[in-house]
Amino acid sequence: MFNTDDFFKENPIEPETVFEHKKPINADKFSVDALLENSVSMLFVKARIENDYFSQGLYKVEWTKQLEKERDRLSNLPGRSEFDNSRLERINKKISVFRKWANSVDSKPTEKESHPSHDWQDNTTLTKLEKQHKAILEVIKQKRLSPMAIPDGDKGIIQQLCEHDYPSLFDKESSFETAWKKGRKLFMMANHASFARRSKK
């Protein structure tokens, strides 16, 4: 008679086998070399966030910062070698890829994702506030969220991505918060109504 207890005693399951797909690997665990040598989609897979669009956006920001730090270090080196110059060029290209990436689950961004329609950024008839609102809506769209029902905790993610992808529009510490408050007819938190009722009591 088959005994499952005896079977598992003889064939123990390693802990990492059980949990290897459950817990993401922190963004700071990836070296600059790893960022340069792997495609963006492969990095998402190795970080175990290939289906987590929210984390992909945050990791993209963190990885870009990491590459920018190494870029600045190399740029300030006196008498850079040919290897340093080659590495610097690779870093700049990778930063460009991260900035264009639209968190696609495909092996590479589609043409639409690589070159999103941002004609509004050059529209001189729009005020800075109107452009900020369009930027926020663009990020909300990328994150596949409902603009009038932003889940708790996602506002901070939206802010980070806006400040990273649109630095000229969100150039002050208060820029995002001001734009958010003035855009309440365009987007709001999912719990806005209940919060408003509590505030009135």
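The values are calculated or read from the model by the stated rules, or taken from the named source; none is laboratory data. These figures come from a predicted structure and were not determined experimentally. Counting neighbours? That spans all protein chains shown, and the Cβs are built from the backbone with ideal geometry, glycine included.
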query = Given (1) more than 10 Å from the chain's Cα centre (by Cα); (2) modelled with pLDDT of 90 or more, where does TRP63 come up short, assuming only one miss?
reply = (1)
Every pair of residues 6+ apart whose Cβ atoms lie under 8 Å, when the first sits in region 27-39 and is outside the structural domain of GLU89 (by TED's automatic domain parsing) while the second is loosely packed, with under 12 Cβ neighbours inside 10 Å = none
request  = Kindly check whether there is at least one residue in region 46-58 that is aromatic (Phe, Trp, Tyr), outside any loop (DSSP other than H, G, I, E, B), modelled with pLDDT of 90 or more and surrounded by 12 or more Cβ atoms within 10 Å (Cβ to Cβ).
outcome  = no
request  = Scan region 182-197 and give yes if some residue there is in a helix (DSSP H, G or I), modelled with pLDDT of 85 or more and closer than 27 Å to THR64 by Cβ, otherwise no.
outcome  = no
